[in-house]
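The values are calculated or read from the model by the stated rules, or taken from the named source; none is laboratory data. Owing to the predicted nature of the structure, the values given are computational and were not obtained by experimental measurement. Backbone-built Cβ (ideal geometry, glycine too); neighbour counts: all protein chains shown. Ligands, DNA and RNA are excluded from the accessible area calculation, which covers all protein heavy atoms including side chains. Shrake-Rupley method; radii C 1.70, N 1.55, O 1.52, S 1.80 Å.
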Amino acid sequence: MKEKLNFGNLALKTLMSIVGVTILSIGATFLRGGNVGLDPFTAINTGISNKLGLGLGIFQLSVNFVIFLLILWLDRKKIGIGTFVNMIMVGFEIQFFTQIYNQLFPEKITFLVIVADTVIGLRVVLVKSF
């Protein structure tokens, strides 16, 4: 039974995807700010983009586009609005929220900052997981 896609349904899915990606990006920003680690995909993209001197947003978008082409070739049914929202927004949002984070917390990283960032970052990321 195929679900009919109407504008309201598409708008809701888009909004949910944007909110989810934003929550994920904020959590990743706190984990990154406390130097406590990231998920493997974001970590490798962060490392390579730093080595190449590119912004995380541009580099992650490029990598995601290559993955998108592979999925497009293998199984087009896996592609939805969330694919595009995630592909385009995650790297740029982490980059944006990191700039805000660095302005709000310019101090040297202390043990308390690491603990706070870990708790906040994991709490935000875990909220998205459920």
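Counting residues in the chain as N, plug N into 2.2 N^0.38 Å and put the Cα Rg over that result.
1.18
First compute the accessible area of the chain with a 1.4 Å probe, then give the percent of it belonging to carbon and sulfur atoms.
Carbon and sulfur atoms account for 71 percent of the accessible area of the chain.
Considering only protein heavy atoms, what per residue accessible area in square angstrom results for region 74-119 with a 1.4 angstrom probe?
In whole numbers, region 74-119 has 73 Å² accessible per residue.
Using only the alpha-carbon atoms, how far is helix 81-104 inclined from the longest principal axis of the chain? Give it as 0 to 90 degrees, nearest 10.
Computed tilt is about 20 degrees.
Rounding to the nearest 10 and keeping the result within 0 to 90°, find how far the Cα-based axis of helix 7-33 lies from the longest principal axis of the chain.
For helix 7-33, the angle is close to 20 degrees.
How far, in nm, would the chain grow between THR110 and ILE58 when pulled straight, counting 0.36 nm per residue and subtracting the alpha carbon separation?
Difference between extended and current length: 15.7 nm.
Over the chain, calculate the relative contact order: mean separation of alpha carbon pairs under 8 Å at least 6 apart, over the residue count, as a percent. List each step's numbers first, then the result.
Working: 114 pairs, mean separation 59.4, N = 130.
With pairs under 8 Å counted, the relative contact order is 46 percent.
When a/c reaches 1.5 or more, the comparison of a/b and b/c decides; with that in mind, is region 69-130 rounded, prolate or oblate per its Cα gyration tensor?
prolate
Between ILE100 and THR14, what is 0.36 nm times their sequence separation minus the Cα-Cα distance? Round to one decimal in nm.
Contour length minus the Cα-Cα distance gives 28.5 nm.
Going by alpha carbons, how many degrees (0 to 90, nearest 10) lie between the helix axis of 56-74 and the longest principal axis of the chain?
30
How much length, in nm to one decimal, is gained on full extension between ILE23 and THR83, taken as 0.36 nm per residue of separation minus their Cα-Cα distance?
Working it through step by step, the gained length comes to 20.0 nm.
Just grab the label-to-label distance for LEU74 and VAL119, each label 7 Å out from Cα along the Cβ direction, in nm (one decimal).
4.0
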